[in-house]
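K.L.:
Take a look at this one; I'll ask things after.
The values are calculated or read from the model by the stated rules, or taken from the named source; none is laboratory data. Nothing here was measured: the structure is a model prediction, and the numbers come from that model. Here the Cβ positions follow ideal geometry from the backbone for every residue, glycine too, while neighbour counts run over all protein chains shown.
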Amino acid sequence: MARLGMVIDTRKCIGCMDCVVACQVENDVPRGYCRDWIVSEVRGEFPHLAMEIRSERCNHCDDPPCVDCCPTGASHVEPLGKTVQVNPDRCIGCKACVAACPYGARYVHPKGYVDKCSFCLHRVKAGKQPACVSVCPTSCMSFGDLDDPKSAVAKLLATRKWHTLLPGAGTKPRVFYLE
Amino acid sequence: MLEITSSRLNPLVDPQLHVWGWEIPVYLFFGGMIAGMMVLAGQAMRRLARGDDPEAFFSVQTPLLGFVLMNAGMGALFLDLTHKTHVWAVYLTLQPLSPMSWGSWVLLAVYAALLASALVRIDVAWPWLARRFPLTMRISDWLTARATRLRTLAWLNIGLGVALGIYTGILLNTMVARPLWNTALLGPLFLVSGLSAAAAMVHLAVRVLPGRPAPQGAAAGALAALWQTLGDRPPAAAAGLSLVRADVGFLAVELVLVALMLAGLATSTAAHAEAVGLLFASPYALPFWGFVVLLGIVVPITLQALELGHRIPHTVLPAALVLAGGFALRWVLVNAGQASHFIAP
């Protein structure tokens, strides 16, 4: 069974926010909210500075604390691609999952239920790439089965140096950032 | 230097997590206090079953007070939900890894235990109900007919009380993303704080709520049952003193647990040390040290010790301070915990 993940090349990402806009249009994300966002991280002292631009979203963790704490099973691991999804009809809006996510990837939708990146599962089922990946002008994002050694994501992870966000939180994220 | 700029500005999440407002601290406070009241009631019921203390005032009516407070706490929890019309989904499943899930089922058992316990002396608490609905009297008679049944109900109260008290702490403890809550001491701390608040609440109610024969009517009887939740007889002076003595013990243990929690977090990872720093140097420092530790624990211990030594007159001030401190503990930990987070390497 596939284990879907995303690899983002921070050397190619220019922070244009096309991915953010594509996600909002594709998933009808309400104004003032976002499922994915851009982070710029600058380290060092002038003139010795290093900058990393990242497109961030739900990490669809292998060990998702949001799923563990959900009292109704609304937050669950979908068999297809082992992605973390939210069933709005089961969500009671207790917000435990929002507090449990170390990445701040979830938000309370104006309709009351909790929402977040779904890796565009509806597009994946139709054989397409997630909206953010499909519109990236620099092709810095790759998406696929992490367990398939022939997939683009697996090859990138095997050949390039990468990191994940907040490894100390112990959630085993599945969004990887190439350095 | 590390400078991070994010385009994300989701309400309740950015710039700092604040998904839980006043409702959750109120719910946790009432939950802890009810847990403590069930343990106290269970202990007194055991004495009643032994025949040691047939007039034990807080054994027979404390569950009714607990039932009233339980509804207030559950009301606060319901107000916090943002998808209220789907609340029924909690009782369609049992998620073993979610403390909130099994806690929801424990709360049902707590409701049942409180109602059964309230029926033990329903003829005194609400005579109209007992007359109009003979079934309530039959249940009451059945419960009190044998000491074994009363003892079973007593242990049920104690067991469920401990489970509820610990659950209110574990609820926060399991959220790994909030380092301030990543301590196993939260469960015992909230349980002991709940026991202390329960002793203070019963003590306060004994002194403040009037004790007189319950009115006979339907409406007046119902109001009296809720208001005179500790029965129609003024308690013996020894009962009040035993509550004060118990409270001093609970507060002393609470103080030790607070110290251990701070030490444990401060000596853990950088994220945990930074999180506990919120209680030393942030807007949460004054409420924590001023209201929780000083006014909520140290001052009540001192005053109650002086009262027990007959050095100062007996007042309700320590009990009121303990209750305020118990709420402040939950308020500070819920809010400071949300402000705590893991740090980028």
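K.L.:
Tell me yes or no: at least one residue of the stretch A:161-169 is surrounded by fewer than 19 Cβ atoms within 10 Å (Cβ to Cβ), in a helix (DSSP H, G or I) and among the hydroxyl-bearing types (S, T, Y).
P.N.:
no
K.L.:
Here's something else I'd like to know. What tally of residues in the stretch A:51-79 results from selecting those that are surrounded by fewer than 18 Cβ atoms within 10 Å (Cβ to Cβ) and under 13 Å from A:A100 (Cα atoms)?
P.N.:
The qualifying residues number 1.
K.L.:
Specify which of the listed residues (A:C132, A:C66) is more than 10 Å from chain B (Cβ to nearest Cβ), touching a helix residue (DSSP H, G or I) at 6+ places or on another chain (Cβ under 6 Å), not in a loop (DSSP other than H, G, I, E, B) and not aromatic (F, W, Y). Spell out how you get there, then give the answer.
P.N.:
Numbers: A:C66 fails: more than 10 Å from chain B (Cβ to nearest Cβ).
Answer to the selection: A:C132.
K.L.:
Counting only residues that are in contact (Cβ under 8 Å) with a residue 12 or more places away in the chain and farther than 23 Å from A:P65 by Cβ, how many does the stretch A:158-179 have? Walk me through how you get there before you give the answer.
P.N.:
First, the residues of the stretch A:158-179 that are in contact (Cβ under 8 Å) with a residue 12 or more places away in the chain: A:160-166, A:169-179.
If we keep only those that are farther than 23 Å from A:P65 by Cβ as well, we get A:160-161, A:178-179.
So the count comes out to 4.
K.L.:
Go through the stretch A:82-111 and report how many residues are touching a Phe, Trp or Tyr at 6+ places or on another chain (Cβ under 7 Å), over 24 Å from B:F78 (Cα atoms) and surrounded by fewer than 24 Cβ atoms within 10 Å (Cβ to Cβ).
P.N.:
1
K.L.:
Turning to a different aspect of this structure: Of all residues in the stretch B:173-189, how many are outside any helix (DSSP H, G or I) and either under 12 Å from A:C69 (Cα atoms) or in contact with an Asp or Glu (Cβ under 7 Å, 6 or more places away or on another chain) (or both)?
P.N.:
First pass over the stretch B:173-189, keeping only residues outside any helix (DSSP H, G or I): B:174-178, B:182-185.
Checking the rest, the ones that are also either under 12 Å from A:C69 (Cα atoms) or in contact with an Asp or Glu (Cβ under 7 Å, 6 or more places away or on another chain) (or both) come to B:174-177.
Selection size over the stretch B:173-189: 4.
K.L.:
Here is a follow-up. Here are some residues: A:K82, A:K116. Which one is at pLDDT below 95 and either more than 9 Å from chain B (Cβ to nearest Cβ) or on the phi < 0 side of the Ramachandran plot (or both)?
P.N.:
Values: A:K116 fails: at pLDDT below 95.
Only one candidate qualifies: A:K82.
K.L.:
Starting from residues that are within 14 Å of another protein chain (Cβ to nearest Cβ) and among the hydrophobic types (A, V, I, L, M, F, W, C), keep the ones in the stretch B:150-175 and report whichever is farthest from the chain's Cα centre (by Cα).
P.N.:
First pass over the stretch B:150-175, keeping only residues within 14 Å of another protein chain (Cβ to nearest Cβ): B:167-168, B:170-175.
From what's left, among the hydrophobic types (A, V, I, L, M, F, W, C): B:170-172, B:175.
Details: B:I170: 14, B:L171: 14, B:L172: 15, B:M175: 21 Å.
Among them, the one singled out is B:M175.
K.L.:
Here is a follow-up. Quick check on the stretch A:139-153. Is at least one of its residues part of a helix (DSSP H, G or I), touching a helix residue (DSSP H, G or I) at 6+ places or on another chain (Cβ under 8 Å) and of a type in the set (S, T, N, Q)? I'd like the intermediate steps shown before the answer.
P.N.:
Restricting attention to the stretch A:139-153, the residues satisfying the condition of being part of a helix (DSSP H, G or I) are A:152-153.
Imposing the further condition that a residue be touching a helix residue (DSSP H, G or I) at 6+ places or on another chain (Cβ under 8 Å) reduces the set to none.
Within the stretch A:139-153 (the criterion being part of a helix (DSSP H, G or I), touching a helix residue (DSSP H, G or I) at 6+ places or on another chain (Cβ under 8 Å) and of a type in the set (S, T, N, Q)), the answer is no, since none of the residues qualifies.
K.L.:
Can you confirm whether A:D36 is within 20 Å of A:A169 (Cβ to Cβ) and facing another protein chain (nearest Cβ under 10 Å)?
P.N.:
On the way: within 20 Å of A:A169 (Cβ to Cβ): yes; facing another protein chain (nearest Cβ under 10 Å): yes.
Judged against the criteria, A:D36 is a match.
K.L.:
For the stretch B:169-210, name all the residues that are hydroxyl-bearing (S, T, Y) and crowded, with 24+ Cβ neighbours inside 10 Å. If you could, list the steps in order and put the result at the bottom.
P.N.:
First pass over the stretch B:169-210, keeping only residues hydroxyl-bearing (S, T, Y): B:174, B:183, B:193, B:196.
The answer is B:S193, B:S196.
K.L.:
Also, I was wondering about something else. What's the number of the condition B:T269 fails, among (1) in contact (Cβ under 8 Å) with a residue 24 or more places away in the chain; (2) surrounded by 15 or more Cβ atoms within 10 Å (Cβ to Cβ); (3) among the polar types (S, T, N, Q)?
P.N.:
(2)
K.L.:
For B:V90, which of the numbered conditions (1) within 14 Å of chain A (Cβ to nearest Cβ); (2) within 21 Å of B:A41 (Cβ to Cβ) fails to hold?
P.N.:
(2)
K.L.:
Let me ask something else about it. Out of the stretch B:65-82, which residues are away from chain A (no Cβ under 14 Å) and either outside any helix (DSSP H, G or I) or surrounded by 19 or more Cβ atoms within 10 Å (Cβ to Cβ) (or both)? Even if it seems obvious, please write down each step before you answer.
P.N.:
Within the stretch B:65-82, the subset away from chain A (no Cβ under 14 Å) is B:65-73, B:75.
Selection gives B:L65, B:G66, B:F67, B:L69, B:M70, B:G73.
K.L.:
Of all residues in the stretch B:176-204, which are within 14 Å of chain A (Cβ to nearest Cβ) and without any contact (Cβ under 8 Å) to a residue 24 or more places away in the chain?
P.N.:
B:V176
K.L.:
Here is a follow-up. Can you pull out every residue in the stretch B:99-142 that is among the polar types (S, T, N, Q) and without any contact (Cβ under 8 Å) to a residue 40 or more places away in the chain?
P.N.:
From the stretch B:99-142, those among the polar types (S, T, N, Q) are B:101, B:104, B:117, B:136, B:140; that's our starting set.
Hits for the stretch B:99-142 are B:S101, B:S104, B:T136, B:S140.
K.L.:
Further question on the same structure: What number of residues within the stretch A:91-105 are more than 7 Å from every other protein chain (Cβ to nearest Cβ) and either polar (S, T, N, Q) or part of a loop (DSSP other than H, G, I, E, B) (or both)?
P.N.:
Taking the stretch A:91-105 as the starting set, the residues that turn out to be more than 7 Å from every other protein chain (Cβ to nearest Cβ) are A:97, A:103, A:105.
Filter again for either polar (S, T, N, Q) or part of a loop (DSSP other than H, G, I, E, B) (or both), leaving A:103, A:105.
Going through the stretch A:91-105 one residue at a time, the tally reaches 2.
K.L.:
Does B:Q338 satisfy being surrounded by 19 or more Cβ atoms within 10 Å (Cβ to Cβ), touching a residue at least 24 places away in the same chain (Cβ under 8 Å), of a type outside the set (D, E, K, R) and within 14 Å of chain A (Cβ to nearest Cβ)?
P.N.:
Answer is yes for this residue.
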